[in-house]
Amino acid sequence: MKIAVVGAGGIGGYYGALLHQAGHDVTFLARGTHLAAMRERGLRLESVLLAEPLQIRVRCTDRPGEIGAVDLALFAVKSYDTDTAAGLLPPLLDTETAVLTLQNGVDNIERLSDRIGRRHILGGACYIFAAIASPGVINHTGGPGRVVFGELDGRITPRTHAIRDAFAATGGPVELSTQILAAMWEKYLFITAQGGMTALTRLPIGIIRATPTTMEMYLDVASEVASVGRAHGVSIPEGERDRVKRSADSLTPNSFSSLYNDLVGGRRMELEALPGHVVGLGRRYGIPTPVCRAIYAALKPYDEAARRGMPLARIDEPRASD
């Protein structure tokens with residue numbers, strides 16, 4: 001397949017590298033120092049699933065017109081960059097081009113639909129912890145790397161078969177879903193709890209699990225997400241607290257989240273896409289979301305400061321005492 005990776009960060013870099021190694025025609029759309037490093041040295045993938053790092057020479061650019069129409073655009077930018085990055089997609093589109101979003105959150109599909117039309121879009125969810133360790137280097141620290149995706153209307157189509165086969169050729173787990181919106185919300189339950197609570201407490205999941213009151217709050221997040229999702233028309237089965245607890249229990253004790261990493265790094269967070277979206281839907285449907293509101297309000301000053309390019313003092317910086 002001819003594939004463009006739009007956003008060569010942790011998710012795009014990881015899957016793009018594996019698809020490249022599986023023999024597909026992959027080009028990475030990137031920017032800044034990450035793009036410069038990839039041009040100079042290639043892309044290095046460090047993964048807990050690989051015996052040794054993978055170093056590959058890749059095609060990369062910041063100009064989608066140099067790529068042209070593709071079979072698959074793997075859309076993996078941060079949620080707050082969705083609208084800007086959607087402007088890169090038109091040169092990549094042909095009649096049957098699929099744009100597979102593997103982003104955090106559940107509102108990116110509608111925002112992409114407004115820009116390129118719903119027929120191009122495939123929903124997706126991936127189960128992985130990966131990030132840019134340094135320019136040109138992707139570090140996968142946990143998660144099986146499983147990908148679940150599908151057409152928004154539930155159909156099984158020739159393009160979804162081809163994409164499933166492409167991912168399967170990488171050796172990683174992949175699932176073609178006929179209920180992809182429900183699958184995306186199922187992941188949303190977990191990442192909103194994991195992201196919100198590790199960022200709010202500045203603690204890894206092991207300590208949260210060992211503190212019953214804090215773990216109860218973690219599961220309260222999942223219940224709030226499920227409630228607004230059901231009101232929004234998504235078929236989320238009951239028992240979300242047990243399912244999210246099992247997911248949390250499967251993590252290594254030192255696991256954090258991308259929301260935490262961005263917070264302590266003084267970077268913008270996907271705050272609006274995670275607890276912020278839950279709060280907004282709760283307000284729309286008249287459903288209380290007190291835990292998500294508290295997380296959102298506590299983290300909002302840090303996100304606003306990072307947006308202005310003047311991050312607040314790092315969480316772990318020593319401060320003068322009175």
_At most 16 other Cβ within 10 Å, DSSP loop - trypsin sites (Lys or Arg not before Pro), segment 151-190_ = Arg155
*Once you have the Cα-Cα distance between Ser134 and Ala297, take 0.36 nm times their residue separation minus that, and quote the gain in nm to one decimal.*
55.6 nm
*How much length is gained if the chain between Arg209 and Glu52 is pulled fully straight, taking 0.36 nm per residue apart and subtracting their Cα-Cα distance, in nm to one decimal?*
53.3 nm
_Cα-based equivalent ellipsoid of segment 2-178: semi-axis lengths in Å, sorted from largest, via gyration tensor_ = 23, 19, 15
*From the Cα gyration tensor of segment 32-91, with a ≥ b ≥ c the square roots of its eigenvalues, which class applies: rounded if a/c is under 1.5, or else prolate if a/b is larger than b/c, or else oblate?*
prolate
*Residue among Met1, Leu45, Gly13 farthest towards the positive dipole end of segment 1-94, charges placed on Cβ*: Leu45
*Using only helices, what value at 222 nm comes out for the chain when you add -39,500 (n - 2.57) per DSSP H run of length 4 or more and divide by the total residues, to the nearest 500 deg cm²/dmol?*
-13000 deg cm²/dmol
*Geometric extent, Cα atoms of segment 200-322 - Rg, Dmax (angstrom)*: 15.8, 53
_Suppose we keep just the alpha-carbon trace of segment 252-295; what are its Rg and Dmax in angstrom?_
12.7, 37
*List the pair-distance distribution P(r) of segment 163-211, using every Cα-Cα distance, as the percent of pairs falling in each 5 Å bin from 0 up to the bin containing the longest distance, rounded to whole percents.*
5, 17, 16, 14, 14, 14, 13, 6, 1
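Can you give the convex hull volume per residue for the Cα atoms of the chain, as a whole number of Å³? Mind dumping the intermediate values first?
Values: hull volume 46.3 nm³, N = 322.
Taking only Cα atoms, the chain has a hull volume of 144 Å³ per residue.
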*If the cut-off is a Cα-Cα distance under 24 Å, which lysines reach Lys300, setting aside same-chain residues fewer than 8 apart in sequence?*
Lys78, Lys187
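Values quoted throughout were computed directly from the atomic coordinates according to the rules given, and no laboratory measurement underlies them. If you're wondering where the values come from, they're calculated on a predicted model, not measured in any experiment. Backbone-built Cβ (ideal geometry, glycine too); neighbour counts: all protein chains shown.
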